[in-house]
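Read-outs: derived from the displayed coordinates by stated rules, not from any lab. This structure is a prediction, so every number in the text was calculated from the model and none was measured. Backbone-built Cβ (ideal geometry, glycine too); neighbour counts: all protein chains shown.
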Amino acid sequence: MHFEERLGKREIFNSRKGIKMPELLVTEDNEINENRSFDYIVALPEKLDQQQKHDSAILLFHGLNERSWDKYRPWAEYLSEHTSTPVILFPIALHINRSPKLWSNPREMQRLISIENQKGEEGIGKNENLSFANYALSSRIKADPFRFYLSGRETIMNVCQLMDEIRGGSNKMFSKDCKVDIFAYSIGALLSQVLLMANPKSHFSDSRLFMFCGGSFFSDMNGNSKLIMDKDSFDLLHRYYRGTFVKEGAESRRVGDYLEQAFVSHIDPRFYKQERKTFYLKAKERIRAISLKKDKVIPTFSIKKALGSIWKESLKEFDFPFEYSHEIPFPAVCGQKVSLQEREFWFKKVFLEASQFLKKK
C-alpha cells in the first residue's frame with residue numbers, strides 16, 4: 001500500500017530546518033523524499049478474501065536502526081495466520097524503505113568510517129561499537145539527538161493519518177469501523193506506549209498492545225550496540241533526553257502538547273508519574289508484554305517499573321535455552337548452538353501468546 005505524508009507535514013518540515021547535519025552524510029532530512037512518500041506492507045491470511053474491506057488490523061512496529069523488513073516478515077505472517085487478521089508493517093520515519101539506500105550499503109558506510117578513523121583518536125571512528133550497520137544512525141544522532149524524538153513524532157502523525165483514512169472510508173483495504181491493535185518490538189514499544197497514552201483523536205481508546213522486548217523507561221535502555229548505535233552517540237542521546245530535553249523552557253524545539261508529555265513520562269520514572277500510573281491502571285486489560293532475561297538493551301526490571309502495579313498480570317519473562325540477544329532474539333541455526341526445533345519452539349511460544357491476545361474477538 002502506498003502512503004503520502006500529509007498530516008503534520010508542515011510542522012515536521014519546519015522542525016527539521018534547524019537540525020544539524022553530520023559532516024559526511026550531508027543530505028538534509030527534509031530532502032529525503034522516500035521518507036514522505038513510501039509503501040507499507042500488509043500481510044494477509046491466506047483464507048481471507050483479499051477483495052473485501054477488513055474489519056480488523058494489527059499494526060506492527062519494528063526496532064531502532066532497521067533497514068529491512070526481513071526479520072519481521074515471519075513475525076507478521078505468523079500473527080496474520082493465527083489471528084485471521086491483516087498485519088500492517090508500518091515503517092518508522094527514516095527507517096526501512098523510508099531511508100536512503102546508501103545508509104544500508106556496507107561498503108559505503110565502511111568507507112565513511114575509514115575517513116572518520118583518519119581523523120585520529122578523537123574521531124567518531126574510534127568509538128566503541130561503531131559499525132557499518134549503525135554508522136548512519138550514529139553520526140546523525142551525534143550531530144543532533146533531537147532527531148530521535150522528531151522521528152517518533154512524525155511516525156505517530158503518519159499513523160494518525162492512516163487512521164483518519166480508515167475512519168473516513170478512503171482506505172481501500174480497511175472498513176471505517178476497523179478495530180486496530182498493535183504488536184510492537186523494541187523502540188516500537190516506546191512509540192506504542194506514547195501512542196496509546198496520548199491517544200490522539202481517540203483513535204486508540206480500545207486498542208490492545210502486545211510488546212516484545214520493549215516497554216521500559218528510556219533512561220534504562222542501552223542502545224550501545226553494533227546493530228543500533230555506537231557508545232558515544234548513545235551516551236549523548238541519553239544525556240540529551242534526561243537533561244536538556246526535559247528541562248522546562250530549556251529546549252525551544254519542544255511543542256508542549258499531550259503527545260510530548262506522554263513521551264516525557266516514559267523517559268524517566270520521575271516525570272508525570274501520576275499521569276503514567278493512571279494510564280496503565282486504566283489500560284491494564286489492553287496491554288501484555290514478553291521480555292527476555294538476557295536482554296541487555298531493554299531490561300525486564302525497567303519494563304516492570306514503567307508498567308507499575310499491572311506488571312504482574314501483564315508481563316512474562318522468557319529465557320531461551322540458546323544464545324540470543326535483544327537485536328537477534330531468534331538467531332539462524334548454526335552448528336550445535338541453536339537447533340531448529342528449539343528455535344521454532346520458542347518462536348511459536350512467543351507469537352502464539354501474542355496471537356491469542358490480539359486475536360479478533
- Query: ³J(HN,Hα) across the range 285-296 via Karplus (A = 6.51, B = -1.76, C = 1.60, θ = phi - 60°), whole Hz, x for Gly/Pro?
  - Reply: 7, 9, 10, 9, 8, 10, 10, 10, 4, 9, 6, 8
- Message: Treating only the Cβ of Lys, Arg, Asp and Glu as charged (+1, +1, -1, -1), what charge dipole size does the range 1-83 show about its Cα centre? Round to the nearest 20 debye.
- Response: 320 debye
- Non-local amide H neighbours of L292 (under 5 Å, H modeled in plane, Pro and chain starts lacking H): which ones? C213, F318
- Task: Rounded, prolate or oblate: pick one for the range 281-361, where a ≥ b ≥ c are the square roots of the eigenvalues of its C-alpha gyration tensor, a/c under 1.5 means rounded, and failing that, prolate if a/b is larger than b/c, else oblate.
- Result: oblate
- Query: Long-range amide H contacts for I287: which residues qualify at under 5 Å (H placed 1.01 Å from N, peptide plane, sequence gap of 5 or more or a different chain)?
  - Reply: L209
- Task: Using the Karplus curve 6.51 cos²θ - 1.76 cosθ + 1.60 with θ = phi - 60°, work out ³J(HN,Hα) for each residue of the range 87-93 in order, rounded to whole Hz, and write x for Gly and Pro.
- Result: 10, 9, 8, 9, x, 5, 3
- Message: Between the range 4-20 and the range 324-354, what is the separation of their alpha carbon centroids in Å?
- Response: 39 Å
- Exposure-ranked with fewest Cβ neighbours within 10 Å first, D29, D230, D206 stand as D206, D29, D230
- Item | Descending semi-axes in whole angstrom, ellipsoid equivalent of the range 40-181, from the Cα gyration tensor | 38, 16, 10
- Among the trypsin sites (Lys or Arg not before Pro) within the range 22-96, which fall in a DSSP loop and have no more than 13 other Cβ atoms within 10 Å of their own Cβ? K47
- Item | Ranked list, fewest to most other Cβ atoms within 10 Å of each Cβ, for C160, C213 | C160, C213
- Task: Please state the charge dipole magnitude for the chain, taken about the Cα centre, from unit charges on C-beta atoms (+1 on K and R, -1 on D and E), reported in debye and rounded to the nearest 20.
- Result: 760 debye
- Query: Want the number for N222 to K119: 0.36 nm per residue separation, take away the alpha-carbon distance, what's left?
  - Reply: 34.4 nm
- Query: With a ≥ b ≥ c the root eigenvalues of the C-alpha gyration tensor of the range 213-277, is it rounded (a/c under 1.5), prolate (a/b larger than b/c) or oblate?
  - Reply: oblate
- Item | Antiparallel bridges, percent of DSSP beta bridges restricted to the chain (to nearest 5) | 20 percent
- Query: Taking a threshold of 28 Å on the Cα-Cα distance, which of the pairs K201/K360; K337/K360; K282/K360 fall above it?
  - Reply: K337/K360
- Query: Any idea how far the Cα center of the range 40-82 sits from the one of the range 128-156, in Å?
  - Reply: 26 Å
- Using a cut-off of 17 Å between alpha-carbon atoms, which lysines can reach K9, once sequence neighbours fewer than 8 places away in the same chain are excluded? K17
- Note on the structure: Under the rule rounded for a/c under 1.5, else prolate if a/b exceeds b/c, else oblate, using alpha carbon gyration tensor axes a ≥ b ≥ c, the chain is classed as rounded
- Enumerate the calculated ³J(HN,Hα) couplings along the range 342-357 in order (Karplus 6.51 cos²θ - 1.76 cosθ + 1.60, θ = phi - 60°), each rounded to whole Hz, writing x wherever the residue is Gly or Pro. 5, 4, 5, 4, 6, 4, 5, 5, 5, 7, 5, 4, 4, 5, 5, 6
- Assigning unit charges at the beta carbon (Lys, Arg +1; Asp, Glu -1) and nothing else, what dipole magnitude in debye, to the nearest 20, does the range 68-226 show about its Cα centre? 320 debye
- Query: So for the chain, taking the charge dipole from beta-carbon charges (+1 Lys/Arg, -1 Asp/Glu), which of F90, I113, S291 sits furthest toward the positive end?
  - Reply: S291
- Beta carbons within 10 angstrom, averaged per residue: use that to sort the peptides 292-298, 317-323, highest first. 292-298, 317-323
